[in-house]
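K.L.:
Sharing a structure with you now.
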Amino acid sequence: MVDIQGGSSAADNAAARLRGGGVAVLPTETVYGLFGRTDDAGALEQIYALKDRPRDNPLIAHVLDVQMARSLTSTWPSAADAMCRRFWPGPLTIVVPRAPEVLDRAVAGLSTIAIRSPHHPVVRRVLEAVGHPLSAPSANRSGMVSPTCVEHVACDFAGVPEAADLLVLDGGPCQTGLESTVIDLTGDLPRLLRAGSISTEAIEEVLLGGVRDDLPTTQGASPGTRRRHYATTTPLRLVDCDDLEDALSGERPICVIGPSWLAVAPPHRHLIMPDTHQAAARSLFGLLREADATDATQIIVVRPPLDSEWRAIHDRLERAAC
Ligand code: TXA
Ligand code: MG
């Protein structure tokens, strides 16, 4: 069993473990992360082992502020200043050239580093106490859905012997619910690598110019953006509302995730997708986990609205679909 703790003494316990080269799961406003010191090869090694994460998939370094971010970089593009002033602390990750002293293990050997300054008070408190950047992937086993509450983390690591004494800080349910927007600032034109709650339009307003936002689906540009990534164990399909009736005509139980007004009769089940994009983002990963835990042989998600605010949700659903 993982060790779930709350309150201010828990943050001090986590800081002590991290200072000493250990790891801890901390809440952020996006999803829970599995944290270790960016400058500690042993801690980074533990993160990869606990997650069973491919070694070629680099980590995001989390910092308190721009000053701490710059300690990890060799050059600081002017676009980074504008982006950080507008969006930090918050769910925006920038990719910039790394400093030579950054450990290869922290960036999977790349010449760049992904950095973000989280907003959640618990992770900020721990960052302050440790005084060093902390690297973290989402605190799920590799390839699975990101965790947005401590129960998700406990469930994912329940069968992992090495996680028996894993410290997990309870910061409540994550307010954003989707992983951060990732933008690469190393090229001529800023390039969106992962959609998140901060939209391309909001970024373009700050940068006063174009952003490449043809999201990568291959491993080249951003190793964590492989196509099937946010997977449920039960096969998942995205279906247009008009096609739902046909899709439910069989005998085998299907779990439908869709708006409250759908008519779904037994043996099928219905989980409600909230109708604002913010609430849907907050609930999405919990709904996917809940659907996966039913006896359904298939999960059907009714395709959400096509408006640009729903883009990050579409992105995660398309990656989860088979
Ligand atoms: O909201 C978030 O970003 C959460 C919380 C914990 O901060 N973290 C998170 O980490 O989602 P992870 O490891 O699950 O996703 C990090 C993404 C991956 O797609 C990875 O390939 C990409 O960032 N990434 C990291 N470093 C990179 C780099 N130097 N260049 C390009 N992509 C990078
Ligand atoms: Mg992840």
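The values are calculated or read from the model by the stated rules, or taken from the named source; none is laboratory data. Everything numeric in this text was worked out from a predicted model, so none of it was measured. A quick note on method: Cβ atoms are made from the backbone with ideal geometry, for glycine too, and the neighbour counts reach across all protein chains shown.
K.L.:
Residue check: is Val168 within 19 Å of the chain's Cα centre (by Cα), part of a strand (DSSP E or B) and within 23 Å of Ala14 (Cα to Cα)?
P.N.:
yes
K.L.:
Quick one: which of Leu127, Leu103, Leu134 is surrounded by fewer than 17 Cβ atoms within 10 Å (Cβ to Cβ) and in contact with a Leu (Cβ under 8 Å, 6 or more places away or on another chain)?
P.N.:
Leu103
K.L.:
Looking only at segment 1-20, which residues are surrounded by fewer than 16 Cβ atoms within 10 Å (Cβ to Cβ) and in a loop (DSSP other than H, G, I, E, B)?
P.N.:
Within segment 1-20, Met1, Gly6, Gly7, Gly20 meet the criteria.
K.L.:
Every residue in segment 82-132 that is more than 23 Å from Asp170 (Cβ to Cβ), part of a loop (DSSP other than H, G, I, E, B) and away from ligand 2 (no atom under 16 Å from the Cβ), please.
P.N.:
Answer for segment 82-132, where residues must be more than 23 Å from Asp170 (Cβ to Cβ), part of a loop (DSSP other than H, G, I, E, B) and away from ligand 2 (no atom under 16 Å from the Cβ): Trp88, Ala99, Pro100, Glu101, Val102, Leu103, Gly109, Leu110, Ser111, Gly131, His132.
K.L.:
Just one of Ala61, Ala69, Ala49 is buried (at least 21 other Cβ atoms within 10 Å of the Cβ) and within 16 Å of ligand 2 (Cβ to nearest atom); which is it?
P.N.:
Matching residue, one of Ala61, Ala69, Ala49: Ala61.
K.L.:
Pick from Pro118, Pro161, Pro91: which is closer than 30 Å to Pro235 by Cα and within 9 Å of ligand 1 (Cβ to nearest atom)?
P.N.:
After applying the criteria, what remains is Pro91.
One line per residue, one yes/no per condition, for (1) assigned by TED's automatic domain parsing to the domain that holds Ala154; (2) of a type outside the set (Gly, Ala, Ser); (3) at pLDDT below 95:
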| position | (1), (2), (3) |
| --- | --- |
| Met273 | no, yes, no |
| Ala279 | no, no, no |
| Ala291 | no, no, no |
| Thr294 | no, yes, no |
| Thr297 | no, yes, no |
| Val301 | no, yes, no |
| Ser308 | no, no, yes |
| His314 | no, yes, no |
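K.L.:
Out of all the residues in segment 133-142, is one or more under 26 Å from Arg316 (Cα atoms) and more than 14 Å from ligand 2 (Cβ to nearest atom)?
P.N.:
Yes.
K.L.:
Restricting to segment 257-279, name every residue that is outside any loop (DSSP other than H, G, I, E, B) and within 21 Å of Leu178 (Cβ to Cβ).
P.N.:
If the condition is that a residue be outside any loop (DSSP other than H, G, I, E, B) and within 21 Å of Leu178 (Cβ to Cβ), then Ile257, Gly258, Leu271, Ile272, His277, Gln278, Ala279 are the ones that fit.
K.L.:
What residue, among those in segment 143-173 that are free of Cβ contacts under 8 Å to residues at least 24 places away in the same chain and more than 18 Å from Ala291 (Cβ to Cβ), is farthest from ligand 2 (Cβ to nearest atom)?
P.N.:
Pro161
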